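Asker: Okay, handing you the structure first.
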Amino acid sequence: MRLITDIFKFCAENVPKYNTISISGYHIREAGSTALQELAFTLRDGMEYVEYGVRAGLNVDDFAPRLSFFFNSHNDLFEEVAKFRAARRIWSKVMRERYHAKDPRSWMLRFHTQTAGCSLTAQQPYNNIVRVAIQGLAAVLGGTQSLHTNSLDETLALPTEQAARIALRTQQIIAHESGVINTVDPLGGSYFVEELTNRMEQGTFDYFDKIDRFGGMIEAIEAGFPQREIWDAAYQYQRAIDSGEKLVVGVNAFQSTDEVPYEPLYIDESVTGEQLALLESVKKTRDQRAVDQSLERLRNAAADPAANTMPFIIDCVKVYATVGEISDALRAVFGTYLEPALF
């Protein structure tokens, strides 16, 4: 949280148009959460960042307009659309009523969407093209500002060039052939979608109340609350697949006995050696004394609550300190976070 608030302050003063943070819910959903949990925990993370920024003495309107979000998109098209619609309503309400933001840009929820890697199957992988198309369409219908469409072979390996091109063409067909981008909020007014949106909003505020009772998102994480919620949702989802209550085409329904094996991309192990050699070359040609001095200054800044770590991190990068070395310097002061043991 110290690093986050340092980024907010540094960027507000030095690069005011830079997007300081992408508040991600993608990994939450990939871990097995429901759509509602993804929405609630992601937005509550964002609120925690705002809370800490304000506590650090920043004006909310100096940094909130540059926040952005990163959501997942799954196969239930209407649920996903409702999730995205609810996200914008909730964020606007929270920023105006809880944090008293005055700048309309602070009320806007800008978000990127990636289709769901965990929904893709190794069985009958070409079916994943359809899944990605549905998920991408849901994101666009829900108002996403940018979109990543996964490749059909993501569950097997890094994508082949052909698979990556199909993912790109999926976006282009949605953008240029479907017509769904020609109007804002095309499903607004649908009784079904509006009701789903209302339920998403109410469920999210219910989660906010539970998290607030812990004292905030950090305290809730330390108590293991969101982790348990996600674990339980993942368990229930897997049980539904195992029992056949939920059908996954090609996995527990409509299997094929004569499936042709898919040939995934193969990355030769020599790449590892090439990267290590390149790193070693950089270390041999850089000014090691300058590196050591910059890392020491960073450690001192991290230990000083009044200092901003960002200029010192940038100085380290300029003299070719590695990400690992910079991280080690910060770890020496902040320590290493350990996930609580939960059962």
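Asker: How much length is gained if the chain between residue 205 and residue 341 is pulled fully straight, taking 0.36 nm per residue apart and subtracting their Cα-Cα distance, in nm to one decimal?
Answerer: Contour length minus the Cα-Cα distance gives 46.2 nm.
Asker: Based on alpha-carbon positions alone, could you give the equivalent ellipsoid semi-axes of the stretch 147-204 from the gyration tensor, as √(5λ), descending, whole Å?
Answerer: Values: eigenvalues 197, 64, 9 Å².
Values for the stretch 147-204, descending: 31, 18, 7 Å.
Asker: Using a 1.4 Å probe and counting only protein heavy atoms, arrange 148, 176, 112 so the residue with the most accessible area comes first. Numbers along the way, then the final one.
Answerer: Working: 148 75, 176 150, 112 50 Å².
Descending accessible area places them as 176, 148, 112.
Asker: At each listed q (0.18, 0.24, 0.26, 0.27 Å⁻¹), what is the log10 of I(q)/I(0) that the Debye formula gives for the stretch 172-235 modelled as equal alpha-carbon point scatterers?
Answerer: Debye output, listed in q order: -0.79, -0.97, -1.05, -1.09.
Asker: Rounded to the nearest 5, what % of the DSSP beta bridges within the chain are antiparallel ones? Don't skip to the answer; put the middle values down first.
Answerer: Numbers: 0 of 13 bridges.
Once the DSSP bridges in the chain are tallied, antiparallel ones form about 0 percent.
Asker: 7 Å from Cα along Cα→Cβ at both residue 235 and residue 265: what's the point-to-point distance in nm?
Answerer: Label at residue 235, label at residue 265, 3.7 nm between them.
Asker: Please compute the length gained on full extension between residue 14 and residue 286, using 0.36 nm multiplied by the number of residues separating them and subtracting their Cα-Cα distance.
Answerer: 95.2 nm
Asker: For the stretch 98-189, would you read off the P(r) tail past 19 Å as a percentage of all alpha carbon pairs?
Answerer: Values: 1967 of 4186 pairs.
Summing the P(r) tail past 19 Å for the stretch 98-189 gives 47 percent.
Asker: Residue 191 to residue 334: extension gain in nm, 0.36 nm per residue of separation minus the Cα-Cα distance?
Answerer: Details: separation 143, 0.36 × 143 = 51.48 nm, distance 5.04 nm.
Extra length available between residue 191 and residue 334 comes to 46.4 nm.
Asker: Now, a different point. Could you give me D for the stretch 220-322, from Stokes-Einstein at 10 °C and 1.306 mPa s, where the hydrodynamic radius is the Kirkwood radius over C-alpha pairs? Units µm² s⁻¹, please.
Answerer: In µm²/s, the coefficient rounds to 80.
Asker: Moving on. If you take all C-alpha pairs in the stretch 37-113, what percent of them are over 14 Å apart? Show your work: numbers first, answer last.
Answerer: Details: 1731 of 2926 pairs.
Distances greater than 14 Å cover 59 percent of the Cα pairs.
Asker: Follow-up question, since we're still on this one. Compute and list, largest first, the equivalent-ellipsoid semi-axes of the chain from the alpha carbon gyration tensor, each √(5λ) rounded to a whole angstrom. Kindly include the intermediate steps, with their values, before the conclusion.
Answerer: Working: eigenvalues 257, 172, 84 Å².
Here the semi-axes work out to 36, 29, 21 Å.
Asker: Long-range amide H contacts for residue 148: which residues qualify at under 5 Å (H placed 1.01 Å from N, peptide plane, sequence gap of 5 or more or a different chain)?
Answerer: It is 113, 114, 115, by chain and number.
The values are calculated or read from the model by the stated rules, or taken from the named source; none is laboratory data. Every value quoted in this text rests on a predicted model; they were computed, and no experiment measured them. Heads up, the Cβs are rebuilt from the backbone with ideal geometry, glycines too, and the neighbour counts pull from every protein chain shown. Ligands, DNA and RNA are excluded from the accessible area calculation, which covers all protein heavy atoms including side chains. Shrake-Rupley method; radii C 1.70, N 1.55, O 1.52, S 1.80 Å.
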